[in-house]
Amino acid sequence: MSDMSLKSTPVTEEIESYLKKYFSSEDEFLYNLRMEAKAAGMPEISISPIQGLFLQLILKSINAKKVLEIGSLGGYSAITMARALPYDGILYAVEINKNYCDFINRKVLEAGLSDKVKVINSSGRDFLQNLPVDEIFDFIFLDADKSGYINYVNLANPHLRKGGMIAADNALAMGKISDASDDENAKAIHNFNLFMINNQDFFTSLVPIGDGLTIGLKL
């Protein structure tokens with residue numbers, strides 16, 4: 001039993017239920033948002049409620065006021081993160097799909113967060129390429145096309161303050177990360193993970209929560 005602490009404890013269904021019960025950011029509003037997004041035909045690929053609480057912890061720990069999200073889908077993660085920001089905080093939710101943007105705007109209004117969430121209908125690349133040089137963020141969250149992750153980091157890096165963080169979802173590639181040879185998404189994420197761990201601008205770790213978060217602290 002002496003070496004057991006060296007290994008990660010597998011997240012069984014029972015442990016997952018425990019985490020959801022005690023370490024979740026999801027309330028009735030966010031649950032209903034997930035259900036409405038599903039009914040609207042959106043893919044069920046939002047962050048998990050457990051990831052949500054962890055992201056809120058990170059935002060509070062670095063005193064984040066200005067957040068950028070690339071890939072917002074139905075606004076689940078945007079609203080989750082915006083709730084952790086101070087009264088004068090702002091989150092830019094960049095989403096390429098116009099219908100999804102309309103959905104997010106509606107839910108942001110219902111959540112009473114219109115003063116904190118700015119929804120932008122754009123591709124992540126176009127948005128980042130056109131950002132004024134003086135636009136600086138405390139935290140950047142990537143949850144868009146996995147093949148674009150490396151490019152997003154390169155474009156976003158000048159707009160992230162030192163001591164800020166960048167996090168990317170799906171770092172475990174739906175469980176395929178250890179054998180990424182036959183899956184394009186997994187291959188792209190594996191390349192991104194290696195890019196981050198070897199990037200001298202960041203101190204990086206991978207947190208195996210939900211489908212995994214690769215998180216880099218800007219040095």
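The values are calculated or read from the model by the stated rules, or taken from the named source; none is laboratory data. No experiment lies behind these values; they were computed from the predicted model shown. Please note: Cβ atoms are built from the backbone with ideal geometry, for glycine as well, and neighbour counts cover all protein chains shown.
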Among the residues of segment 184-219, count how many are surrounded by 15 or more Cβ atoms within 10 Å (Cβ to Cβ) and part of a loop (DSSP other than H, G, I, E, B). 6
Of those in segment 30-59 that are free of Cβ contacts under 8 Å to residues at least 40 places away in the same chain and touching an Asp or Glu at 6+ places or on another chain (Cβ under 7 Å), the residue surrounded by the fewest Cβ atoms within 10 Å (Cβ to Cβ) is Lys38
Qualifying positions in segment 83-96 - over 25 Å from Lys20 (Cα atoms), touching a residue at least 24 places away in the same chain (Cβ under 8 Å) and either among the charged types (D, E, K, R) or in a loop (DSSP other than H, G, I, E, B) (or both): Gly89, Glu95, Ile96
Of everything in segment 38-82, what is closer than 21 Å to Lys21 by Cβ, part of a loop (DSSP other than H, G, I, E, B) and under 12 Å from the mean Cα position of the chain (by Cα)? Give them in sequence order. Ser46, Ile47, Ser48
Residue under question is Asp145, and the condition is that it be within 13 Å of Glu69 (Cβ to Cβ) and under 14 Å from the mean Cα position of the chain (by Cα); does it hold? no
Return the residues of segment 160-219 that are at pLDDT below 95 and among the charged types (D, E, K, R); say none if nothing qualifies. Lys176, Asp179, Asp182, Asp183, Glu184, Lys187, Asp211
Can you name the number of the only condition in (1) under 23 Å from Asn151 (Cβ atoms); (2) buried (at least 21 other Cβ atoms within 10 Å of the Cβ); (3) in contact with a helix residue (DSSP H, G or I) (Cβ under 7 Å, 6 or more places away or on another chain) that Asn121 fails? (2)
What number of residues within segment 34-74 satisfy the criterion of being touching a Ser or Thr at 6+ places or on another chain (Cβ under 9 Å) and more than 14 Å from Ile140 (Cα to Cα)? 13
